[in-house]
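Heads up, the thing below is written out as structure tokens.
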Amino acid sequence: MAIRILARPEERRPLRAAFVLDILKRMRAPTSVRVTKDTRDAVKELADADGLSMDQVIARLARAERQRRIGLALAASPVNDDELEWLGGAARSVAEPAGW
């Protein structure tokens, strides 16, 4: 079965089911998450302060948590000699900006 989207009479063309399914997969369906009232209010306060939706704030919080975990993993891993040399050069360039 073909689905038609009517933009202009001269541009009528049927959509394939695979194309429609692809569009539907990309659509974000709303969902519910159970949180305490205090948590909801805290997220809402952050959203209002930054002019964002609660969804955007939660996405930012999730990203920040992923970054924190990456930082912990990097901090726990040993540093080899090449990395120490590179880090030393970076530290010197920050300490002595006139040397640029």
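For the condition part of a loop (DSSP other than H, G, I, E, B), among the β-branched types (Val, Ile, Thr) and at pLDDT 85 or above, VAL57 does not qualify.
Between ALA42, ALA75, ALA18, the distinction of being at pLDDT 70 or above, open to solvent by 80 Å² or more (accessible area, probe 1.4 Å) and not in a strand (DSSP E or B) belongs to ALA75 only. Restricting attention to the stretch 53-82, the residues that are β-branched (Val, Ile, Thr) and closer than 20 Å to THR31 by Cβ add up to 2. If you check ARG34, ARG28 for being assigned to a loop (DSSP other than H, G, I, E, B), loosely packed, with under 10 Cβ neighbours inside 10 Å and at pLDDT below 70, only one passes: ARG28.
The values are calculated or read from the model by the stated rules, or taken from the named source; none is laboratory data. All figures in this text were calculated on a predicted structure; none of them were measured in a lab. Positions of Cβ are generated from backbone atoms using ideal geometry, with glycine treated the same way; all protein chains shown enter the neighbour counts. Quick note on the areas: whole protein, heavy atoms, side chains included, nothing else; ligands and nucleic acids left out. Shrake-Rupley method; radii C 1.70, N 1.55, O 1.52, S 1.80 Å.
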